[in-house]
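Take a look at the structure set out below.
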Amino acid sequence: MNNVMSCKGYPARVEYDDEDGVLFGRIAGIRDGVGFHANSVEELRTAFRDAVDDYIETCAKVGKEPQKPYSGKVMFRVDPEVHRKAPLAAELAGKSLNQWAEEALAKAADLPASQ
């Protein structure tokens, strides 16, 4: 079962509320809270597209740049031993650390690495 939708580069996770009998979702990866809901899959697709369009239009009206889900820049802390070994593993694989790390993250996320 795939519970992820995408529209104009904005992903959303979809869930079902059995108590209320409604499908609902929220745009993922942005700080602004943009949600949507519907009673059927087709209505949910329309509600999601409308929510993305409304978000973009609202940002334009208030003079705010719409947030993009991700910039492609990642910065995180790792154990010093991992930090020591990762560049070595990348070099031995004939890759830059960025290429090597992207491939490792893409594999872990079950996605193809970019070329």
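Values for this structure:
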item	result
Counted residues, the range 27-48 - those being closer than 20 Å to residue 65 by Cβ and charged (D, E, K, R)	2
Output for the range 75-115, where each listed residue is modelled with pLDDT of 90 or more and at positive phi	94
Filter result (aliphatic (A, V, I, L, M) and either in contact (Cβ under 8 Å) with a residue 60 or more places away in the chain or within 13 Å of residue 40 (Cβ to Cβ) (or both)) within the range 11-28	14, 22, 23
Cβ pairs under 6 Å, 6+ apart, first in the range 43-70 and farther than 14 Å from residue 32 by Cα, second of a type in the set (Gly, Ala, Ser) and not in a helix (DSSP H, G or I)	44/38; 47/38; 48/12
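The values are calculated or read from the model by the stated rules, or taken from the named source; none is laboratory data. In this text the structure is predicted, and so the values were computed from the model without any measurement. Positions of Cβ are generated from backbone atoms using ideal geometry, with glycine treated the same way; all protein chains shown enter the neighbour counts.
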